[in-house]
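Undergrad: After the structure tokens below, expect a handful of questions from me.
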């Protein structure tokens, strides 16, 4: 059986809020290492990969592999019934028909119990090759969100150009063009504003802004975001969570004919 | 013009 207790319901609420417009039904794969999810959007252009390691939970117990097939719209409806500060416990049997959620208020003596009906989901699972990325950019997640939003008003696509010490986000649209450059920046006083660009070779790739704007819904999960790029491979956008857990998005590039 | 690629071109079925 599965029993997983989260100190703060807000983590799961934010994860589901961040991915539910990209994927609708998905399996939460539970085993003794934690709870994982991998799902592609309908157009097979973007992929979500979540890992909540067992250390994220306290306690965490999962004796055998259990796949919880959940409709994310339903999941969000139930998670909205939890306060952000509530303690959240997920429970399921070994061959479950439902997943149970218990929300406990740490301040009041309130316990809320919900069940969500599970579904059989036949999901394609993709193997992601280990990649040494040519460029890794770490920047404030809010800054990345603002750039994607601003440029999406002008164009459908953005070119991300990484070179030594600088990364440039460039778009060309019907009404005009836009470009935002960021340089390596490190501050002891405001480390949350740091920008770090690690580069083994220059990279320039173009991506759909519609998907990037969607990924940025995860910004509330982490103050910083990591963009990993190599020429002619999907972009990796990673939000790191506590205890080595993560929410990752992959996006296939746009390439000239 | 640019063509949107699919993930299946890069990732393998497992």
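All of the numbers you see were taken from the coordinates with simple rules; none came from a lab. Please read all numbers here as calculations on a predicted model, not as lab measurements. For neighbour counting, all protein chains shown are included, and Cβ atoms are generated from backbone atoms with ideal geometry for every residue, glycine included.
Undergrad: Provide the descending list of Cα extents for the range A:48-171 along its principal axes, expressed in whole angstroms.
TA: Largest to smallest, the principal-axis extents are 52, 37, 28 Å.
Undergrad: Determine the relative contact order of chain A: mean sequence separation of Cα pairs under 8 Å and six or more apart, normalised by residue count, in whole percent.
TA: 21
Undergrad: Per the helix-only calculation at 222 nm, which mean residue ellipticity applies to chain A, given -39500 (n - 2.57) for every DSSP H run of n ≥ 4 and division by its residues, nearest 500 deg cm²/dmol?
TA: -4000 deg cm²/dmol, from helical runs alone.
Undergrad: Also: Mind sorting A:219, A:33, A:106, B:1 by how few other Cβ atoms lie within 10 Å of their own Cβ, fewest first?
TA: Lowest count first: B:1, A:106, A:33, A:219.
Undergrad: Please compute the Cα-Cα pair-distance distribution of chain A with 5 Å bins starting at 0, giving whole percents from short to long.
TA: The percentages, shortest bin first, are 1, 6, 12, 16, 18, 15, 11, 9, 7, 4, 1, 0, 0.
Undergrad: Only counting other Cβ atoms within 10 Å, I'd like A:25, A:32 sorted with the fewest neighbours first.
TA: Placing the least packed residue first, the sequence is A:32, A:25.
Undergrad: How would you classify the range A:131-232 from its alpha-carbon gyration tensor, with a ≥ b ≥ c the square roots of the eigenvalues: rounded for a/c under 1.5, else prolate if a/b is greater than b/c, otherwise oblate?
TA: Oblate shape, in that a/c is at least 1.5 and b/c is the bigger or equal ratio.
Undergrad: Cα gyration tensor of the range A:1-87, axes a ≥ b ≥ c as square roots of the eigenvalues: rounded (a/c below 1.5), prolate (a/b > b/c) or oblate?
TA: oblate
Undergrad: With an 8 Å cut-off on Cα pairs and a minimum separation of 6 or more residues, tell me the relative contact order of the range A:99-251 in percent.
TA: Normalised by residue count, the contact order of the range A:99-251 is 23 percent.
Undergrad: Based on alpha-carbon centroids, what's the gap between the range A:136-163 and the range A:180-207 in Å, whole number please?
TA: 12
Undergrad: To make sure I understand, if each residue's beta carbon is the centre and we count other beta carbons within 10 Å, what order do A:125, A:44 fall in, fewest to most?
TA: Starting with the residue having the fewest Cβ neighbours, the order is A:125, A:44.
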